[in-house]
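Quick notes on the structure that follows.
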Amino acid sequence: MTKKFLLIYVCTMIAIAVSAQKKVMFDLAHGQFQDTFVDPDYYDYVIPEYEKIAKEVGFQLVMNKSGVTGQTLNGIDALLIISPLAKSTQRNLTDTEKQAIIDYIRQGGSVIMFIDEEEYRVNLEEYGANDITRKFGIEVLDDFEVPGNCGAVTFENEIFDRRREIPCSGVRGIKGGIPASVCMEQGRQISAFVRLDNGGKLYVAGETMVALLMGYPDGERNVHKMMKTRWWGKDSRIYMKELLEWALF
């Protein structure tokens, strides 16, 4: 084998490997990370940390700022939608986007949706998430009160390797689907998932703190002084890594 032929062969194999790499679309088309009630630097770590996770898992992170359509979803293996954190910047899902996402799941795609609380963050009815999730037996509910930083915990299941401790402060309930996590204080369901016979997957959660990777790996939950604790859900990163692995493989 000549050096020239070997070089061509290696380049071809690299191109095939790159083209075969799984792709996750990170949605930025609906007002995410644009609110001004906190310092914009608050979000600077989020996407770089997801890029690190992408390298660890072996997928390509694709940023989407132009809306969700059948065309933008072409070649995408999983769609990650984190809702905006301020109603003032909220961009609602259009009917076209909703149908594109529904069709995508029905055709075997994976979708992960985080919908934050009504009181401060997201107008649920206008945002339109339930128009998608109800098609698959999951409903996003109203907020329920939690006593400060009470936290939440996942179940050990096909997604999570073991019990994961995650953030839960302002939060919505989730109804239907296979329960994935519950609030530590009242045991209320805050996330659920479904898997279709053809491989399509949908995961829905009523809190975005975990998707923003909030928490400290060395944190410990202080049940007596919840808002002063350094906990805030110590397993956020491993939760999201396992969730993305489940969506992709």
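The values are calculated or read from the model by the stated rules, or taken from the named source; none is laboratory data. For clarity, every value in this text was computed on a predicted model and none was experimentally measured. Virtual Cβ from ideal backbone geometry, glycine too; neighbours counted across all protein chains shown. The accessibility values were calculated without ligands, DNA or RNA, using every heavy atom of the protein model including side chains. Shrake-Rupley method; radii C 1.70, N 1.55, O 1.52, S 1.80 Å.
Which count do you get for residues in the range 127-138 that are in contact with a Gly (Cβ under 8 Å, 6 or more places away or on another chain), buried (at least 17 other Cβ atoms within 10 Å of the Cβ) and not in a helix (DSSP H, G or I)?
1
Each row is one residue, and each column tells you yes or no for (1) over 19 Å from Leu202 (Cα atoms); (2) of a type in the set (Ser, Thr, Tyr); (3) under 15 Å from the mean Cα position of the chain (by Cα).
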| site | (1), (2), (3) |
| --- | --- |
| Val57 | yes, no, no |
| Gly75 | no, no, no |
| Ser88 | yes, yes, no |
| Arg91 | yes, no, no |
| Glu119 | yes, no, no |
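Can you tell me which residues in the range 46-60 are crowded, with 17+ Cβ neighbours inside 10 Å and not in a helix (DSSP H, G or I)?
Phe59
Residues of the range 61-81 being in contact with a Phe, Trp or Tyr (Cβ under 9 Å, 6 or more places away or on another chain) and either part of a strand (DSSP E or B) or farther than 22 Å from Trp246 by Cβ (or both), which ones? Working first, answer last.
Narrowing the range 61-81 to residues in contact with a Phe, Trp or Tyr (Cβ under 9 Å, 6 or more places away or on another chain): 61-64, 68, 70, 73, 76-81.
Within the range 61-81, Leu61, Val62, Met63, Asn64, Gly70, Ala78, Leu79, Leu80, Ile81 meet the criteria.
Of all residues in the range 67-93, which are touching a helix residue (DSSP H, G or I) at 6+ places or on another chain (Cβ under 9 Å), of a type in the set (S, T, N, Q) and more than 21 Å from Gln21 (Cβ to Cβ)?
Across the range 67-93, the qualifying residues are Thr69, Ser83, Gln90, Asn92.
If we scan the range 27-45, do we find a residue that is crowded, with 22+ Cβ neighbours inside 10 Å and out of contact with any strand residue (DSSP E or B) (no Cβ under 7 Å at 6 or more places or on another chain)?
The answer is yes; a qualifying residue exists.
Every residue, every condition in (1) among the small types (Gly, Ala, Ser); (2) more than 22 Å from Tyr216 (Cα to Cα); (3) at pLDDT 95 or above, yes or no:
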residue	(1), (2), (3)
Arg106	no, yes, yes
Met113	no, yes, yes
Leu124	no, yes, yes
Lys135	no, yes, yes
Leu141	no, yes, yes
Glu145	no, yes, no
Ala152	yes, no, no
Gly170	yes, no, no
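List the residue pairs whose Cβ atoms are under 6 Å apart, where the first residue sits in the range 174-200 and is farther than 18 Å from Glu156 by Cβ, the second is assigned to a strand (DSSP E or B) and open to solvent by 50 Å² or more (accessible area, probe 1.4 Å), and the two are 6 or more positions apart or on different chains.
Lys175/Glu139; Lys175/Leu141; Gly176/Glu139
Yes/no matrix, rows are residues, columns are (1) open to solvent by less than 60 Å² (accessible area, probe 1.4 Å); (2) closer than 16 Å to Leu196 by Cα; (3) among the hydrophobic types (A, V, I, L, M, F, W, C); (4) touching a residue at least 12 places away in the same chain (Cβ under 8 Å):
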position	(1), (2), (3), (4)
Ile76	yes, no, yes, yes
Ile102	yes, yes, yes, yes
Glu125	no, no, no, no
Phe144	yes, no, yes, yes
Thr154	yes, no, no, yes
Glu158	no, yes, no, yes
Arg162	no, no, no, no
Glu165	yes, no, no, yes
